[in-house]
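Chemist: Handing you this structure, nothing more for now.
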Amino acid sequence: MKHPLGLGDVLCILLFGAVVLGLFNWSWQHVPAQEAIVRVGGKIEHRLSLRLNQTVTVNGALGPTEIEIRHGQIRISRDPSPRQYCVQQGWLHRAGQTAICLPNQVSIELPTATHSHDSLSF
Amino acid sequence: MTVSVSNLAPSQQDQYIARLACLGIVLSVVEAYFPSPLPGVKPGLANLVTLLALEKLGWRAAVAVNLIRVIASALWLGSLFTPGFFLALSGACGSLLLLGIAQYLPKPWFGLISLSLFSAAGHLAAQCLLAWLWLLPSQGLLYFLPFLALSAWCTAIINGWLCQRFLDPHHAPTS
C-alpha cells in the first residue's frame with residue numbers, strides 16, 4: 001500500500017468535517033417560540049403569547065408564582081419553591097425550553113410547532 | 001464427543017468470518033467498559049473488524065461479521081433486546097448499508113479512511129434516527145448530535161488509519 005492517504009480520503013475527511021461543522025451551525029439555530037403554556041398541578045392554566053408584555057401570577061401548591069413576559073421572552077420571576085431552580089433558569093425564548101418549579105407544581109413550557117411528546121411521557 | 005448430525009463442513013470463508021466476529025465481540029465487550037464522556041461517544045474499535053472483513057472477504061462477509069458481533073456481544077453483556085441493543089443493531093445496519101455503497105468508490109484514491117468515515121456516518125445516522133423516532137422524540141437529541149458527529153468523525157479517521165496500517169505489509173509483524 002503505497003498511499004496511506006489517498007486524494008479521495010482527504011476529500012472525504014474534508015467533506016465529512018464540513019458536515020460536522022454544518023451540524024453545529026444548524027442545531028444551534030433556534031426557532032423562537034411564539035407562546036408559552038403554563039401548567040399548575042399538571043393542568044394547563046394559561047396559554048400566553050410571548051408578544052404581549054405582561055406579568056401573570058398563578059397559585060401553586062405552596063403559594064403564588066409570578067411569571068413575567070417581556071420582549072418575546074418569559075421567566076419565572078418569583079416562586080416559593082425552596083431551591084429556586086426555575087427562577088435561576090432566567091429568561092426562556094427558544095421553542096422546546098421549559099422551567100419547572102417542582103414543589104410548587106408550576107411549570108412553563110415553550111412548545112415547538114409540531115409538539116408531540118417529551119422524554120418523560122413516551 | 002458428540003457426533004455432529006449435520007454434514008455441513010465450515011468453509012475457509014466461514015472460519016475467517018468466525019475468527020473476525022470473535023475479535024469483534026472481544027473489542028465490543030472491552031469497549032463497553034470504557035468510561036465515556038457522553039452517552040454514545042465510543043472509540044468504535046469493533047468497526048475495525050468490519051472494515052477488515054470488508055477489505056479481505058467482501059461486503060457479505062462484513063455483514064455476517066458485524067451482525068454476529070452485535071448479537072453475540074449483546075448476549076455476553078446481557079443487553080439482548082434492550083434499547084441499547086437495538087441502537088447498536090440499527091447502527092450496524094446503517095454502517096453496513098453505507099459501506100455497501102462506498103465499497104464501489106475507485107480504489108487507489110479512496111482508501112479505508114474513506115470507508116471508515118462512510119461507515120461512521122451511516123452508524124450515527126441510523127442510530128440517531130432510531131433514538132429520535134423511538135426513545136427521545138424531542139429536540140434534546142439535536143443538541144447532542146453535533147458532538148456525537150464530531151466524535152464519530154475523529155474516531156472514524158483514527159480507525160480507518162489503524163485498519164490501513166493493519167493491512168499494510170510494511171507494518172505487518174514478522175513472525
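Readers should treat all values here as calculations from the given coordinates under stated rules, not as data from a laboratory. What you see is a predicted model, and the numbers here were worked out from it, not measured in a lab. Cβ placement follows ideal geometry from the backbone for every residue including glycine, while neighbour counts extend to all protein chains displayed.
Chemist: Spin-label point model (7 Å from Cα, Cβ direction): what's the A:A18 to B:V26 distance in nm?
Modeler: In this crude spin-label approximation the distance works out to 4.1 nm.
Chemist: Over chain B, what is the relative contact order in whole percent, taking alpha-carbon pairs under 8 Å and six or more residues apart?
Modeler: Once normalised by length, the contact order is 22 percent.
Chemist: Order these by the 10 Å Cβ neighbour count, fewest first: A:T112, A:T65, B:T82.
Modeler: B:T82, A:T112, A:T65
Chemist: Which of the trypsin sites (Lys or Arg not before Pro) found in the range A:32-97 are loop residues per DSSP with 11 or fewer other Cβ atoms within 10 Å of their Cβ?
Modeler: Loop-located and lightly packed - A:R51, A:R83.
Chemist: With +1 on the Cβ of every Lys and Arg and -1 on the Cβ of every Asp and Glu, and nothing else charged, how large is the dipole of the protein assembly as shown about its Cα centre, in debye rounded to the nearest 20?
Modeler: My answer is approximately 120 debye.
Chemist: Among B:I101, B:A9, A:S81, whose Cα sits farthest toward the positive end of the charge dipole of the protein assembly as shown (+1 at Cβ of Lys/Arg, -1 at Cβ of Asp/Glu, about the Cα centre)?
Modeler: Among B:I101, B:A9, A:S81, the one farthest towards the positive end of the dipole of the protein assembly as shown is B:I101.
Chemist: Can I ask one more? When B:Y104, A:Y85 are ordered from fewest to most other Cβ atoms inside 10 Å of their Cβ, what list results?
Modeler: B:Y104, A:Y85
Chemist: Normalised by the number of residues in chain A, what is the relative contact order in percent for Cα pairs under 8 Å and 6+ residues apart?
Modeler: Normalised by residue count, the contact order of chain A is 22 percent.
Chemist: Would you mind computing, in nm to one decimal, how far apart the modelled labels at B:L135 and B:F34 are, each placed 7 Å from Cα along Cα→Cβ?
Modeler: 1.7
Chemist: Let me ask something additional. With label points built 7 Å along Cα→Cβ from the Cα atoms of B:L8 and A:S77, find their separation and express it in nm.
Modeler: Taking the two extended label points, one gets 7.3 nm.
Chemist: Between A:G41, A:G17, A:G60, where does the largest GNM mean-square fluctuation fall for chain A, given springs only between Cα atoms within less than 10 Å?
Modeler: A:G17
Chemist: Which helices count as membrane-span-like in chain B under these terms: full DSSP H, at least 18 Å along the axis by C-alpha, Kyte-Doolittle mean of -1.0 or more?
Modeler: What comes out of the filter, once short or polar helices are dropped, is B:12-32, B:59-77, B:83-102, B:112-130, B:140-167.
Chemist: Hey, got the average number of other protein chain Cβ atoms within 10 angstrom for residues in B:158-166?
Modeler: Mean shielding by partner chains, rounded to a whole number: 2.
Chemist: Please state, rounded to one decimal and in Å, the Kirkwood hydrodynamic radius that the range A:35-109 gives when every pair of distinct Cα atoms enters the mean of 1/r.
Modeler: Answer for the range A:35-109: a Kirkwood hydrodynamic radius of 11.9 Å.
Chemist: Across peptide B:143-156, what mean number of C-beta atoms from other chains lies inside 10 Å of a residue's C-beta?
Modeler: That average works out to 4.
Chemist: Which of the cysteines found in the protein assembly as shown have nothing to pair with, since no other Cys Cβ lies under 4.7 Å from theirs?
Modeler: So, A:C12, B:C22, B:C93, B:C128, B:C154, B:C163.
Chemist: Rank A:V19, B:S79, A:A95 by how far each Cα sits towards the positive end of the charge dipole of the protein assembly as shown (+1 on Lys, Arg Cβ; -1 on Asp, Glu Cβ) and give me just the farthest.
Modeler: Among A:V19, B:S79, A:A95, the one farthest towards the positive end of the dipole of the protein assembly as shown is A:V19.
Chemist: Count, for each residue of A:9-22, the Cβ atoms from other chains sitting within 10 Å of its Cβ, then give me the mean as a whole number.
Modeler: 6
Chemist: In whole angstrom, how far apart do the alpha carbon centroids of the range B:34-82 and the range A:83-114 sit?
Modeler: 40
Chemist: So, one more: Any idea what angle helix A:7-27 forms with the longest principal axis of chain A, computed on alpha-carbon atoms, 0 to 90 degrees, nearest 10?
Modeler: 10
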